[in-house]
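For reference, the structure discussed in these notes is given below.
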Amino acid sequence: MKTKLITFAALLLALTLSCALAFAVTANATVVAPETTKITAAMSGILLPFDFVAGDRVAAGDTLFTYDTIPVYAQSSGKVVAIFAEEGASGAGVMERYGALAVIEPKNALYIAASTAQAYNKEENRFLHVGQTLYLKCGSEEGEGRITNIDGANYIVEILDGDFELRDNVRCFRKSDMKAEEETGRGTVARYADTAVQAHGRITAIHVKEGDTVADGDLLFEVVDASSKPFEPLSLTAPANGVLSALYAVGGMQVYRGQLLCEIANLDALELSVEVDEMDLDGLRVGDTLTYTLDAYAGQTFTGTVKEIRPLGMQRQNASYFDVRLSIHSERNILPGMNGTVTLGK
């Protein structure tokens, strides 16, 4: 009888251990961030350099990307006599209406269209050179100019000094004493055409005002892609706290409206993604509380609630695995990508 009792006890213990093993099933798990914000390009353009990388933390309002602008420079020196453009306006629209964003009157606006036809009969009065200084006279008004163009007997003298008026008939001399034998010819005062400042992008900044004197190469306007909206912000900011889980852009890159630039994972809404074998799904329900461990915190046990059992299995080595999501409740610094093990049971 004693032998029978011992045998029965052994069988009972074996059965108990067998049942315990049957329910002590584990599954691999990874911490994931299901709430991810995708940041896309608001407009086309070139991105300025930036120094963050994937994995960096960001705070709400942090600048992520900034668009470079296209500068519009003065093509000649002179006075800004008119500005037709306004910030936020379409350059193409302004051009269509006014022909220019702004107009620059040349620094030396007047010139003389002269000819050697009435020059004093000396070879040096007819053999002139571009860049040569001439002395000018119209009645009692005197001045100075520089030859800028020669075409046979005709030449152009840019007026550098003197109070001359349009259509004045001016005599030109090789020397400042303006003796008759030094006369190189005569011509009529005309006016250089104003410079029309042109650009077709969306205007984001205006750096001059009417009446300003500018030099060739001075910055006048900044524009961005013509398809942008009026007053489109030049910087893209993080909408919430998180971590850059993916980065698809680099500084200096040409991007286009709607292009995906980066993804930001919300660290306040993490989950545990558990790979559960199809054979272990039976009896697992949404709302069940399970225990799990994390490799980063060896020896510690945590609990989580089953939030979702995703219905689409993943095939691997003749078996299907299903993604089961657990909530995470812990004061520990848990981050996406951490690995762990979940204990499954009824």
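Tell me yes or no: at least one residue of region 77-99 is assigned to a loop (DSSP other than H, G, I, E, B), at positive phi and at pLDDT 95 or above. Yes, region 77-99 contains a residue that is assigned to a loop (DSSP other than H, G, I, E, B), at positive phi and at pLDDT 95 or above. From GLY201, GLY252, which residue is buried (at least 18 other Cβ atoms within 10 Å of the Cβ) and either out of contact with any Ser or Thr (no Cβ under 6 Å at 6 or more places or on another chain) or farther than 24 Å from LEU64 by Cβ (or both)? It is GLY201. The condition (being aromatic (Phe, Trp, Tyr), closer than 28 Å to GLY78 by Cβ and surrounded by fewer than 19 Cβ atoms within 10 Å (Cβ to Cβ)) is satisfied by just one residue among TYR155, TYR135, TYR192: TYR192.
Counting only residues that are in contact with a Ser or Thr (Cβ under 8 Å, 6 or more places away or on another chain) and free of Cβ contacts under 8 Å to residues at least 60 places away in the same chain, which one in region 270-289 is surrounded by the most Cβ atoms within 10 Å (Cβ to Cβ)? Filtering region 270-289 for residues that are in contact with a Ser or Thr (Cβ under 8 Å, 6 or more places away or on another chain) and free of Cβ contacts under 8 Å to residues at least 60 places away in the same chain, the one surrounded by the most Cβ atoms within 10 Å (Cβ to Cβ) comes out as ASP288. For VAL94, the criteria (1) touching a Cys at 6+ places or on another chain (Cβ under 6 Å); (2) in the same structural domain as LYS209 (by TED's automatic domain parsing) hold in every case but one, which is (1).
From the list GLU165, GLU142, GLU183, which residue is surrounded by fewer than 12 Cβ atoms within 10 Å (Cβ to Cβ), more than 18 Å from ILE104 (Cβ to Cβ), touching a residue at least 12 places away in the same chain (Cβ under 8 Å) and among the charged types (D, E, K, R)? Result: GLU165 is the single residue among GLU165, GLU142, GLU183 that is surrounded by fewer than 12 Cβ atoms within 10 Å (Cβ to Cβ), more than 18 Å from ILE104 (Cβ to Cβ), touching a residue at least 12 places away in the same chain (Cβ under 8 Å) and among the charged types (D, E, K, R). Only one of the numbered conditions (1) assigned to a loop (DSSP other than H, G, I, E, B); (2) surrounded by 15 or more Cβ atoms within 10 Å (Cβ to Cβ); (3) not acidic (Asp, Glu) is not met by ALA54, and that is (2).
In the condition set (1) farther than 26 Å from ALA240 by Cα; (2) touching a Phe, Trp or Tyr at 6+ places or on another chain (Cβ under 7 Å); (3) surrounded by 15 or more Cβ atoms within 10 Å (Cβ to Cβ), LEU261 is compliant with all but (1). Scanning region 205-230 for residues that are among the hydroxyl-bearing types (Ser, Thr, Tyr) and not in a loop (DSSP other than H, G, I, E, B) turns up just one, THR213. The set of residues from region 23-51 being part of a strand (DSSP E or B), under 21 Å from the mean Cα position of the chain (by Cα) and over 12 Å from SER235 (Cβ atoms) comprises THR37, LYS38, THR40, ILE46. Taking region 297-336 as the range and being of a type in the set (A, V, I, L, M, F, W, C), without any contact (Cβ under 8 Å) to a residue 40 or more places away in the chain, closer than 19 Å to THR26 by Cβ and surrounded by fewer than 14 Cβ atoms within 10 Å (Cβ to Cβ) as the test, the residues that pass are ALA298, MET314. Looking only at residues of region 115-132 that are closer than 15 Å to THR188 by Cα and of a type in the set (A, V, I, L, M), we find that the one that is surrounded by the fewest Cβ atoms within 10 Å (Cβ to Cβ) is ALA117. For region 161-204, a tally of residues being part of a strand (DSSP E or B) and more than 30 Å from GLU124 (Cβ to Cβ) returns 6. On the stretch given as region 76-88, residues that are within 25 Å of SER227 (Cα to Cα) and surrounded by fewer than 19 Cβ atoms within 10 Å (Cβ to Cβ) total 4.
For region 123-134, the criterion of being farther than 30 Å from ILE83 by Cα, assigned to a strand (DSSP E or B), in contact with a Lys or Arg (Cβ under 7 Å, 6 or more places away or on another chain) and not assigned by TED's automatic domain parsing to the domain that holds GLN75 is met by at least one residue. Scanning region 57-71 for residues that are within 16 Å of THR237 (Cβ to Cβ) and part of a strand (DSSP E or B) returns ARG57, VAL58, THR63, LEU64, PHE65, THR66, TYR67. Would you be able to say whether some residue in region 206-213 is at pLDDT below 95 and in contact with a Gly (Cβ under 9 Å, 6 or more places away or on another chain)? No, every residue in region 206-213 fails to be at pLDDT below 95 and in contact with a Gly (Cβ under 9 Å, 6 or more places away or on another chain).
The values are calculated or read from the model by the stated rules, or taken from the named source; none is laboratory data. Remember, it's a predicted structure, so these values are computed and weren't measured experimentally. Positions of Cβ are generated from backbone atoms using ideal geometry, with glycine treated the same way; all protein chains shown enter the neighbour counts.
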